[in-house]
Amino acid sequence: MRTLAASLAVLCLLLIAGCDTGTHQRLNCICLIDYSGSLSEATLHRYVEIISSEVYSRLGERDRLVVLPIDEGAKTEAVKLVYDDRAEQQFSFHTDGYAHARDSVRMRLRAYADENGPKIAAELLRQKAIREKYTYFTDIFAALEQAAGLIERNGPDTFWDGVRRFVSGTKRVESTNVLLIFSDMIQETKDCTFATPEGCTPEQGRAILDRLAAASQIPDLKGCTVYVNGRTGKTNADVENIQKFWTEYFKATGATLAAYDYDAGPQIDSFLAKRAAASM
């Protein structure tokens, strides 16, 4: 019996190795958008344009877009302003054939983005008025804690997982997590504010990180790539101090801070374009 079981196991391994079902790549794109009262209409419209057009049009057939607010209500009334999981839609069909299958998928994805992108833009602008009561403060810490709960973790790929995929003819799905933050990055709540001439001095920054760590309020963002778009301030000192704080903060979360800029649109577009090209 042991010999038979071992032979069957070896046979399964050979079958799986010879008939690899492959891997599907999935982008889990989480956006945080700043709705604080200090934000100008022009800046908000630019944030919305990047999310609803530049980012949304680059997403693939298995990708997910979630948009969360940054304001005083980020923790007390956590909501998803936008939730679009394309894995729940169908963009490819057996009738597409082999030669033109990718062209057909790209055409459907383009039509899907053209139809839903303007709806997303309208909803994000509409939410600004709805969340007016929360615009007095900017709780970036709370928004990042909410974002951490949306990170997709890739579990171990076991032998029996491979067997099940082989039998069902499905592929393994591997998620890449990216966090796009559209904000001036000025934390401003009753117990912590960066809205000072110096922003957040190194000494203050260390004390804040120690306090957050002690309260288990530094989220786990391991494996997540972060792009910050919109950083600003009133003086060079506060801009530099705040950037140093967030650099240390994201290091503590385990995330990779890929860009931190007033306009990180080109870096975000480059990341999405390279990923889209690799998946073709």
Residue match in the stretch 124-133 (condition: more than 23 Å from the chain's Cα centre (by Cα) and touching a residue at least 40 places away in the same chain (Cβ under 8 Å)): yes
In the stretch 47-57, the residues that are crowded, with 20+ Cβ neighbours inside 10 Å and not aromatic (Phe, Trp, Tyr): VAL48, ILE50, ILE51, SER52, VAL55
Residues that are surrounded by 15 or more Cβ atoms within 10 Å (Cβ to Cβ), of a type in the set (Val, Ile, Thr) and more than 15 Å from the chain's Cα centre (by Cα), drawn from the stretch 241-261: ILE242
Some residue of the stretch 119-126 being closer than 12 Å to TYR35 by Cβ, touching a Pro at 6+ places or on another chain (Cβ under 9 Å) and either exposed (fewer than 14 other Cβ atoms within 10 Å of the Cβ) or not hydrophobic (A, V, I, L, M, F, W, C) (or both): no
Residue that is nearest to LYS274 (Cα to Cα) [pool: residues in the stretch 176-230 that are among the aromatic types (Phe, Trp, Tyr) and either surrounded by fewer than 19 Cβ atoms within 10 Å (Cβ to Cβ) or under 17 Å from the mean Cα position of the chain (by Cα) (or both)]: TYR227
Number of positions in the stretch 27-46 that are over 18 Å from ILE140 (Cβ atoms), aliphatic (A, V, I, L, M) and buried (at least 19 other Cβ atoms within 10 Å of the Cβ): 1
Candidates ILE208, ILE181, filtered to the one that is at pLDDT 90 or above and not in a helix (DSSP H, G or I): ILE181
GLU115 being among the acidic types (Asp, Glu), assigned to a helix (DSSP H, G or I) and touching a strand residue (DSSP E or B) at 6+ places or on another chain (Cβ under 7 Å): no
Among the residues listed as VAL55, VAL66, the single one being touching a Lys or Arg at 6+ places or on another chain (Cβ under 9 Å), modelled with pLDDT of 95 or more and not in a loop (DSSP other than H, G, I, E, B): VAL66
Meets criteria (over 30 Å from ARG102 (Cα atoms) and either aromatic (Phe, Trp, Tyr) or touching a strand residue (DSSP E or B) at 6+ places or on another chain (Cβ under 6 Å) (or both)) for TYR262: yes
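Each row is one residue, and each column tells you yes or no for (1) free of Cβ contacts under 8 Å to residues at least 24 places away in the same chain; (2) under 30 Å from PHE194 (Cβ atoms).
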{"site": "GLU54", "(1), (2)": "no, yes"}
{"site": "GLY60", "(1), (2)": "no, no"}
{"site": "LYS75", "(1), (2)": "no, yes"}
{"site": "LYS80", "(1), (2)": "yes, yes"}
{"site": "ASP84", "(1), (2)": "no, no"}
{"site": "GLN89", "(1), (2)": "no, no"}
{"site": "PHE93", "(1), (2)": "yes, no"}
{"site": "PRO118", "(1), (2)": "no, no"}
Matching residues, the stretch 98-128, being farther than 17 Å from ALA74 by Cβ and aliphatic (A, V, I, L, M): ALA99, ALA101, VAL105, MET107, LEU109, ALA111, ALA113, ILE120, ALA121, ALA122, LEU125
Within the stretch 211-245, considering residues that are touching a strand residue (DSSP E or B) at 6+ places or on another chain (Cβ under 8 Å) and assigned to a loop (DSSP other than H, G, I, E, B), the one modelled with the highest pLDDT: LEU221
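The values are calculated or read from the model by the stated rules, or taken from the named source; none is laboratory data. From a predicted model like this one, the values you see are computed outputs, not experimental measurements. Note that each Cβ is placed from the backbone with ideal geometry, even for glycine, and that neighbours are counted across all protein chains shown.
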